[in-house]
Structures are given as C-alpha cells and as structure tokens.
Amino acid sequence: MNAPAIRPALGITTIGVGLRDELLLKSLLRIVGTDTRDLWQYRDDLQVDVALCTPQTVSSLAVCKSGDYGGTPRFIPVLRADENPPAGTPALRAPFRAMELRKLLDEVSNLLMMRRSMAAATPHVAADIAVPGTSAPFKPFRFGLALGKLIERASREVHRIEVGSVVLHVIPAARALLIDAPLDDESLAIVLGPRADVRIRQMDEAEAQRLIAGGAKPQTIDWLLWRAGLDGPADHLLPGLPEHGEFALRRWPDFGRLKHKPSHFLMAALLTRAAHSVDALALASSQPVADAHAFINACALCDLIEVRPAGGKPASRDTAGDEGALRKTR
Amino acid sequence: MSPREYKLIFAGSMGAGKTTAIAAISEIAPVRTDVENTDRAAHQKAMTTAAMDYGEVTLAGGDKLRLYGTPGQSRFDFMWKILGNGALGVIILVDNSRPDPLADLREYLQAFRELAQDSRAVIGIGRGESHPNPQLDAFHALIRDIGVSAPILSVDVRRREDVLLLLDILFNQIEASELVDLAPSGSRVQ
Amino acid sequence: MNAPPALNLGLVALCQQQIDSLIEAHSEIRGVLVSSIDGFEVAARMRGSASPAKLAAMTSSLLALGEAVSDEGEVGHCRDVVIDASAGRVLLMDIPHATRKLLLTVLSDNASTLGQVLWAVRTCRQEIGRRLAE
C-alpha cells in the first residue's frame with residue numbers, strides 16, 4: 001500500500017534462534033519485503049535495527065534482562081508455543097509466519113520512527129515557531145489552529161507547545177502527543193481557552209532525550225484537536241471555512257475515542273451521506289446551529305471535512321415523515 | 001402503534017467478542033450455543049459459538065431489538081446467511097490482534113454486502129490499544145475500495161457503553177439514510 | 001479450508017473403519033460422518049455428493065441448537081436430532097464421552113424405519129465411544 005520510495009534499508013539479524021528459523025526469516029523477508037513500511041535487509045552482524053533472539057539463549061537473556069528492549073538494536077524475543085510474551089515489547093512466535101513478520105516489522109518501524117523523532121539523526125537546536133495571531137489579545141481557536149498547522153507540517157521532530165502554564169509535547173508526523181499523565185480538566189481548560197498565549201518550539205536533541213527518559217508515552221492527538229474544535233466558539237466556523245459553504249465528511253470520526261454527544265451521530269451520518277450547509281445540518285438533525293458549528297469545527301481540525309460547492313437542497317426532517325423508527329437505546 | 005421488533009446481527013471473526021457484546025447489553029440471559037474449541041491454532045479460547053447467540057434489548061418506546069450473534073469461522077457461513085435473513089443491520093467486530101484484520105473485515109463485508117451497501121453496517125475494531133496496526137485509516141481505505149461507507153470505531157465490547165455506542169451509531173446511520181434519500185435533492189457524497 | 005482437529009491417527013482410522021462397515025452392511029444408509037463438536041470433519045463416507053466438511057459444521061450448529069432448546073425447555077441434555085425429509089432422513093447425535101465429544105451424522109433413505117437406522121448405527125457409536133474412553 002505504501003508508495004515505493006527510495007528508502008535506506010533497515011537491518012535485521014537473529015541471535016540464537018537456530019539455523020532453520022534464520023533461513024525461514026531470510027526467505028520470508030523476500031516475500032514480505034515489498035509490503036512493509038520500511039525496507040528490511042538481513043545482516044550477519046549486530047549493526048542492525050532489530051535482532052530476533054530467544055529469551056533462553058544466555059547471551060540474549062542478558063541483553064533482554066537488562067530491560068532495554070527499546071535500545072539499538074531493538075531485541076525482539078522469539079517465543080515458542082508455550083511461552084508468554086514479556087510485557088512492553090513486541091514479540092514474534094516461532095515458526096515465523098509471513099503475516100506476523102510483516103506486522104511486527106511495521107510495528108517496529110513505528111517505534112523506530114518515534115525514536116528517530118526524539119533522538120533525531122541530525123543534531124538540531126531549539127527553534128521558536130511563529131504562531132499566527134499570537135499578537136492579538138483574544139483569538140478564538142488559537143491553540144487548535146496552531147496545533148493543526150503544526151501537524152500539517154508533518155515534522156518528525158519533537159515540538160514543545162506552551163499554552164499559558166501548560167506544556168505539551170507533540171510529534172507532528174506521528175500525529176502523536178507525548179505525555180506521562182492524562183491532562184487534567186484545569187490544564188485542558190487553559191489549553192482550549194481563547195486567551196492564553198501559544199508558543200511552539202522545536203526541541204533540541206538533549207531535551208527530547210530527557211523527555212523519553214522521563215517516561216513520556218505517545219498517544220494519538222486527534223482527541224485534543226477534536227476538543228479544540230468542539231469547545232471553541234460555537235457562533236462561527238473556523239477561519240478558512242466558508243460560513244455559507246456545504247460540508248461533507250471524508251469518513252466517520254472515531255467516536256470510540258472522541259468525546260461526543262448523541263446528536264453527533266446523526267450529524268456524522270448526514271454528512272457522510274450528503275453535503276450540508278451549517279443551517280441545513282442543524283435543521284436535519286434538529287439541533288441548534290451552534291452545535292452544528294461546533295461539530296463541523298471539530299471535524300475540520302481532525303482533517304475530516306470536505307468543503308463542497310453550494311448545491312442542491314439538503315435533507316430536512318419534515319420530508320422524512322415519522323419513519324425514525326429508531327429511538328436511542330439510552 | 002404496537003411495538004415493533006428489529007433483528008440485528010453481530011458478525012466477525014472468532015474471538016472478536018460477539019458473544020461478549022450481546023451478553024454486555026442483553027436484558028435476558030443470552031441464549032448460547034458454545035461448544036469446545038478444538039482448533040487452538042486458530043484461537044486459544046476454550047469455547048466457541050457453533051450456531052448462534054441470542055439476546056434482547058427493549059428500547060425506550062417499547063420496541064424490541066433481537067440480537068443475533070453468528071459463529072465466527074467461515075465453515076459456519078451457512079449460519080451467516082440464515083441469521084442475516086431479514087436483519088435490519090449488522091455490527092461487524094474486528095479483532096486487531098489477529099494475523100490479518102483487514103482480510104477479516106473484507107470477508108464479513110462480503111458476506112453482509114447487501115446490508116453494508118445499504119448503510120446498515122457499523123464496524124467495531126477491538127484490541128487496538130495493544131495492537132495499533134493496522135490503523136483505522138487502513139480500514140477506511142479498505143471499505144472505500146469495496147465501495148461501502150460505514151462508521152469504523154475503536155471499541156472494547158466488554159464495556160456496555162461501547163456496545164451501545166455501536167448500536168446508536170448504526171441506528172443514526174439508518175435514520176440519516178432515510179432522511180437523505182427522502183430529500184428531493186442534495187449533493188450526495190460519493 | 002477446514003483443518004482437522006488434533007486427534008490421534010489411530011482414532012481417525014477407527015472411525016473410518018466403523019463408517020465403512022456401517023455403509024457396506026446397510027444399503028439404506030447413504031452417508032456417515034464423524035466430526036468434532038466444533039464442526040471439523042474427522043472421517044466420512046458419502047454415497048452421494050454431499051460435502052462432509054459442510055455437514056460437519058451444520059451438525060455442530062444443529063446439535064448446539066438442540067442443546068440450547070433442550071436447556072430452554074428444561075428437558076435435560078440433547079441426545080440426538082432427527083430430520084425427517086421428503087426423500088430420506090438425517091440423524092445427528094453425539095458420541096458420548098465425559099471430556100471429548102465427537103458427533104455422528106447418518107444420512108439414510110426412506111426404505112427403513114427410524115428404529116432400524118438407530119439400531120444399525122448403535123454399534124458404530126458405541127465402538128467409537130469405547131475407544132475414546134481408552
């Protein structure tokens with residue numbers, strides 16, 4: 001599914017897994033090699049990104065027990081049928097299967113990207129990044145827009161965002177927030193509030209390393225972008241969205257992970273089916289216009305919205321009669 | 001008007017949580033047809049559904065949902081057809097820790113193609129916390145390729161509210177399709 | 001495709017032998033199948049074109065439903081299910097054993113009574129059950 005690009009190959013080797021598994025790995029690499037996110041190459045030395053090892057092997061046991069599954073190379077335990085995977089690391093079951101190997105390599109690619117982002121290969125220094133509108137005393141959606149812009153740049157470096165007294169760390173390319181504890185309501189209110197200053201700075205290598213050592217874990221950033229749209233001013237759309245345009249959803253928001261109200265479900269269903277203006281959406285879903293604004297703003301910050309040229313007459317509740325058989329289950 | 005009854009299907013691979021999901025929301029003790037699972041290579045769990053699960057939920061207005069869970073393995077696909085007959089909608093559960101969750105989804109979308117094409121399907125991805133790949137984008141790309149538009153949600157079907165979320169979204173989708181299809185015109189999303 | 005469950009080969013051979021002698025001794029029996037409780041074919045012989053793999057899954061479903069119906073009706077455990085069809089009969093039953101159940105499916109034509117078929121399959125069922133217990 002990935003576009004073929006010129007990528008440097010990542011190295012993989014085995015420690016103590018036996019000749020049969022090593023041969024199997026080499027042939028599987030040829031099979032899955034074209035489908036993985038990164039290119040992978042078998043090497044006979046330890047200058048590799050990943051080493052598959054049996055936890056029982058004395059040498060690898062020492063390495064694994066040192067606890068640094070996340071180091072370089074990354075040690076991946078190879079498990080036999082009766083062994084349970086150790087916590088906190090991907091593992092591979094023997095005999096290797098193509099599908100599982102591909103999945104593991106992609107998982108490692110993600111982890112490596114995270115590490116590369118944090119311990120960036122090119123030494124860099126901290127740099128401030130301009131945030132539009134920071135000079136104005138009151139700027140709605142300032143945080144959401146700044147975060148959205150930052151994510152758009154898809155940088156692999158760790159960025160530090162200061163909003164008033166709250167500090168967040170973000171890896172734009174991974175759409176990831178690095179946090180060691182969930183944001184409390186008070187911090188969230190500051191971040192999403194209209195009055196706080198927003199400062200964004202690309203971190204230098206040493207700072208990024210300290211952050212990882214401190215136990216910061218990546219989590220998807222969509223919930224924060226979503227909240228920034230939903231909790232922003234509901235009397236107008238985000239700057240850049242035409243107030244009289246028609247909007248459609250590219251795909252459904254992941255309501256399993258996003259804060260939602262029951263009315264959002266019908267709005268999402270309507271917008272995935274046909275483009276609606278704000279007023280038409282409010283009418284069709286029997287919700288206040290403010291809620292339609294907030295919903296579209298949240299979807300837009302999560303990059304789910306498509307703007308359509310104004311067109312045909314949208315659906316209205318009146319035309320549907322009383323076929324709404326389906327009352328809510330709660 | 002007397003209360004109506006609607007039939008919903010829970011489909012998905014072995015171990016994806018169909019029996020669990022029905023048990024999480026049914027107001028009657030669910031009917032189960034569990035038997036010993038002898039195919040431990042496919043899944044480690046001790047029991048597997050051989051025919052169907054059945055549960056019931058009464059909605060606020062007195063209408064009743066009849067919930068049918070299908071056996072996961074494709075050797076039981078005759079049950080998918082039997083149970084799917086006359087269903088209002090299908091909830092497809094995907095276990096992201098399986099070897100190829102995208103192929104799993106493709107198989108069940110194919111089996112319940114008519115419901116899916118009629119916007120009567122919702123997809124729940126489970127175990128995404130421990131197994132983040134494939135990500136939701138990949139599932140969205142897959143259903144787009146198949147030509148289906150369906151909500152895809154990260155869920156944990158052991159949680160009652162997550163199962164109700166799937167039902168709520170399924171119903172809203174059906175309701176929206178009625179609203180939009182009855183409207184005289186509109187710029188449809190392709 | 002279906003994979004056979006992990007059964008020892010001796011037991012599979014015994015099932016096949018019992019099935020073969022049952023079919024050879026009774027012309028009214030059109031097919032016999034032994035399958036696992038979760039719907040995998042163990043051994044079979046069919047005179048017609050019926051698929052043992054499909055029948056194995058269907059037998060598992062039907063007997064599981066039979067158990068659920070018996071349970072709901074408070075009539076104890078389901079022993080067998082009989083399908084009376086226009087051109088024959090299908091008999092579905094389990095091969096009793098405390099821990100490891102197999103299922104037996106017998107297809108017959110209308111030439112004999114249900115009692116005759118039941119009598120004919122009794123030895124087959126008992127013999128496999130006895131070997132399972134060993």
Check: Do we have C:ALA56 as under 16 Å from B:ASP39 (Cα atoms), within 11 Å of the chain's Cα centre (by Cα) and of a type in the set (A, V, I, L, M) here?
Finding: yes
Margin query: Restricting to segment C:68-114, name every residue that is touching a Gly at 6+ places or on another chain (Cβ under 9 Å), away from every other protein chain (no Cβ under 14 Å), part of a loop (DSSP other than H, G, I, E, B) and closer than 29 Å to B:GLY55 by Cβ.
Written below: C:ARG79
Notebook entry, point to check: Can you tell which of B:LEU136, B:LEU105 is at pLDDT 95 or above and under 21 Å from A:PHE255 (Cβ atoms)?
Noted result: B:LEU105
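Residue by residue through segment B:156-170, note down the ones that are under 22 Å from A:LEU271 (Cα atoms) and in contact (Cβ under 8 Å) with a residue 40 or more places away in the chain.
B:LEU164, B:LEU166, B:LEU167, B:ILE169, B:LEU170, listed by residue number.
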Check: Does segment B:55-78 hold any residues that are part of a strand (DSSP E or B) and either of a type in the set (D, E, K, R) or surrounded by fewer than 20 Cβ atoms within 10 Å (Cβ to Cβ) (or both), and which are they?
Finding: B:GLU56, B:THR58, B:LYS64, B:ARG66
Notebook entry, point to check: For B:SER97, all conditions in the list (1) in a loop (DSSP other than H, G, I, E, B); (2) under 24 Å from B:PRO151 (Cα atoms); (3) within 14 Å of chain C (Cβ to nearest Cβ) hold save one; what is the number of the exception?
Noted result: (3)
Note to self: Of everything in segment C:31-67, what is of a type in the set (Val, Ile, Thr) and more than 11 Å from chain B (Cβ to nearest Cβ)? Give them in sequence order.
What the structure shows: C:VAL32, C:VAL34
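Among the listed residues A:ASP303, A:ASP279, which satisfies the condition of being of a type outside the set (Gly, Ala, Ser), in a helix (DSSP H, G or I) and either within 13 Å of chain B (Cβ to nearest Cβ) or surrounded by fewer than 16 Cβ atoms within 10 Å (Cβ to Cβ) (or both)?
On inspection, the qualifying residue turns out to be A:ASP279.
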Next item on the list: Of the numbered conditions (1) at pLDDT below 95; (2) more than 9 Å from chain B (Cβ to nearest Cβ), A:ILE296 fails exactly one; give the number of that condition.
Entry: (1)
Next item on the list: Provide a single number: the residues in segment A:174-227 that are under 20 Å from A:PHE141 (Cβ atoms) and of a type in the set (Ser, Thr, Tyr).
Entry: 1
Check: With respect to A:HIS244, is the statement that it is in contact (Cβ under 8 Å) with a residue 24 or more places away in the chain, within 11 Å of chain B (Cβ to nearest Cβ) and either assigned to a strand (DSSP E or B) or out of contact with any strand residue (DSSP E or B) (no Cβ under 6 Å at 6 or more places or on another chain) (or both) true?
Finding: no
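Does B:SER154 count as surrounded by 16 or more Cβ atoms within 10 Å (Cβ to Cβ), small (Gly, Ala, Ser), closer than 18 Å to B:ASP95 by Cα and within 7 Å of chain A (Cβ to nearest Cβ)?
Details: surrounded by 16 or more Cβ atoms within 10 Å (Cβ to Cβ): yes; small (Gly, Ala, Ser): yes; closer than 18 Å to B:ASP95 by Cα: yes; within 7 Å of chain A (Cβ to nearest Cβ): yes.
So B:SER154 passes the test.
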Notebook entry, point to check: In this structure, is A:GLY193 buried (at least 21 other Cβ atoms within 10 Å of the Cβ) and away from chain B (no Cβ under 14 Å)?
Noted result: no
Check: A:LEU241 versus (1) under 20 Å from the mean Cα position of the chain (by Cα); (2) closer than 29 Å to B:LEU153 by Cα; (3) not acidic (Asp, Glu): which is the lone unmet condition?
Finding: (1)
Check: Is it the case that some residue within segment C:57-64 is assigned to a helix (DSSP H, G or I), touching a Lys or Arg at 6+ places or on another chain (Cβ under 8 Å) and in contact (Cβ under 8 Å) with a residue 12 or more places away in the chain?
Finding: yes
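The values are calculated or read from the model by the stated rules, or taken from the named source; none is laboratory data. Everything quoted here is computed from the prediction, not taken from an experiment. Methodologically, a virtual Cβ is constructed for each residue, glycine included, from the backbone with ideal geometry; neighbour enumeration extends over all protein chains shown.
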